[in-house]
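Note sheet for the following structure.
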Amino acid sequence: MSLTLDFTGRNVVVVGGTSGINRGIAELFARHGARVAVASRKAEKVADTVAALEGHGAEAMGFVADVRDMGAVEAGLKTVHDAWGDFDVLVSGAAGNFPASVNGMSANAFRSVVDIDLMGTLHVMKASFPFLRKPGASVVNISAPQAFLPMPGQAHVSAAKAGVDMITRTLAIEWGAHGVRVNSVVPGPIGGTEGMARLAPTPEAIGKVAASVPLGRLGTPDDIGHACMFLGSDLGAYVSGAVLPVDGGWAQSGCGGMGAFLGKLVQQLEGQR
Ligand code: NAP
Ligand code: COA
């Protein structure tokens, strides 16, 4: 068996891959030789990311789809399959988040996050399955610490991402029989991202979060990409059903008091309304 992080000739699809962590993952695979396809709702973000991937010397393509729309996801993934054939690695990371208490959000607001994160992941995985026929094919779902740690203002995200991780673990069993590995990566706080900006909206808050990570720093998209590359490569050939925190030890410390911080933030935001 060859053990390699050279993805030359491999087809990698990153859904929700046009900004932040997921774009970093897409760019990392491109820098390591993969053909990379990305997808999200906004055509300009897709075009910009495809250009950046090509800038790394990669063959790249993209499609526009809202992951809440199974038909659009199926049609988009088919264009990638028509062009390149079966997928080696699928990364599913489209998500939405905003800080709001259950009492401070409508049922529709809760549903919108569940529809994007949980149903979106289900759509992406179901639509990809017919194209995951290569030996060693694998899926990496991007989860979040809210999946296992409740935080005020994050019930919608917790419900959705806990569901994502249980899909990961269940499909590791169901799809293992087809030779497909399925794992989740759970990023800690990643600097310069939309997710961080929404939950830690000031430089002071960002500094406190960074200091609360046992390794003493925020993560980078490359930190998450490296885990995805490991899981998507032959090095991860016997890893399936894992829910892997990549967070500098943050989850082990109860996410550094993020719950208490978010409780105050939500009170403040909802007091202003
Ligand atoms: P981001 O930049 O907002 O990335 C979200 C991506 O998903 C974008 O490409 C966005 O593009 C796409 N997207 C959103 N809604 C979509 C929809 N309905 N259909 C299709 N695509 C959609 O956020 P991020 O902070 O980097 O987060 C990326 C992932 O990491 C998420 O799964 C998040 O839960 C997870 N995470 C983040 C952190 C963090 O510190 N940032 C920590 C833990 C976990 P369009 O706007 O064009 O649709
Ligand atoms: N507090 C309470 N409710 C909120 C809210 C907030 N901060 N932001 C949005 N909502 C509600 C809306 O009012 C709406 O509910 P309503 O129909 O009862 O009024 C519902 O959520 C859907 O909002 P809408 O803006 O129509 O949804 P959308 O599909 O256009 O966008 C979101 C989805 C809300 C998740 C949006 O924040 C998004 O697109 N996020 C993607 C980027 C992101 O969140 N990145 C972070 C990393 S995960």
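The values are calculated or read from the model by the stated rules, or taken from the named source; none is laboratory data. Just so it is clear, the model here is predicted, and its values are computed rather than measured. All Cβ positions, even for glycine, are placed from backbone atoms using ideal geometry, and neighbour counts span all protein chains on display. Accessible surface is based on the protein model in full, side chains and every heavy atom, while ligands, DNA and RNA are left aside. Shrake-Rupley method; radii C 1.70, N 1.55, O 1.52, S 1.80 Å.
Worth a mention:
- Shape of region 141-273, Cα gyration tensor, a/c cut at 1.5: prolate
- For region 70-221, the Stokes-Einstein estimate of translational diffusion at 10 °C and a viscosity of 1.306 mPa s comes to 95 µm²/s, using the Kirkwood hydrodynamic radius over alpha-carbon pairs.
- Ordered from largest to smallest accessible area (heavy atoms of protein chains, 1.4 Å probe), the residues Glu27, Glu74, Glu204 come out as Glu204, Glu74, Glu27.
- For Val50, net neighbour charge (Lys/Arg +1, Asp/Glu -1) across residues whose Cβ lies under 12 Å away: -2
- Efficiency of FRET between Gln267 and Asp82 - r from beta-carbon atoms, R0 51 angstrom, step 0.05: 0.50
- Most fluctuating residue given options Asn141, Asn108, Asn183, as computed from a GNM of the chain linking Cα atoms under 10 Å: Asn108
- Taking Arg181, Arg31, Arg198 in turn, the Gaussian network model of the chain (Cα-Cα springs below 10 Å) assigns the largest fluctuation to Arg198.
- Site pair Phe98 and Asp222 shows an inter-label distance of 3.5 nm when each label is modelled 7 Å from Cα along Cα→Cβ.
- Stretched out straight at 0.36 nm per residue, the stretch from Glu44 to Thr170 would grow longer than its current Cα-Cα span by 41.8 nm.
- Principal-axis analysis of the Cα atoms of the chain puts helix 20-31 at an angle of about 30° to the longest axis.
- In this rough spin-label picture, where each label sits 7 Å from Cα along the Cβ direction, the Leu149-Asp234 distance is 3.7 nm.
- Cα centroid separation, region 170-185 to region 105-151: 14 Å.
- Expressed as a whole percent, the proportion of Cα-Cα pairs in the chain lying more than 34 Å apart is 15%.
- Partners for Lys78 among lysines (Cα-Cα distance below 27 Å; same-chain residues under 8 apart left out): Lys42, Lys45, Lys126, Lys134, Lys161
- For a straight C-alpha distance cut-off of 21 angstrom, the lysines reachable from Lys208 (same-chain residues fewer than eight places away being disregarded) are Lys264.
- Carbon + sulfur, % of accessible area of the chain - ligands and nucleic acids excluded, 1.4 Å: 58
- Helices in the chain, meaning DSSP H runs of at least 4 residues, each add -39500 (n - 2.57). Divided by all residues, the mean residue ellipticity at 222 nm is -13500 deg cm²/dmol.
- A Gaussian network model of the chain, with springs between Cα atoms under 10 Å, assigns the largest mean-square fluctuation among Thr49, Thr79, Thr220 to Thr79.
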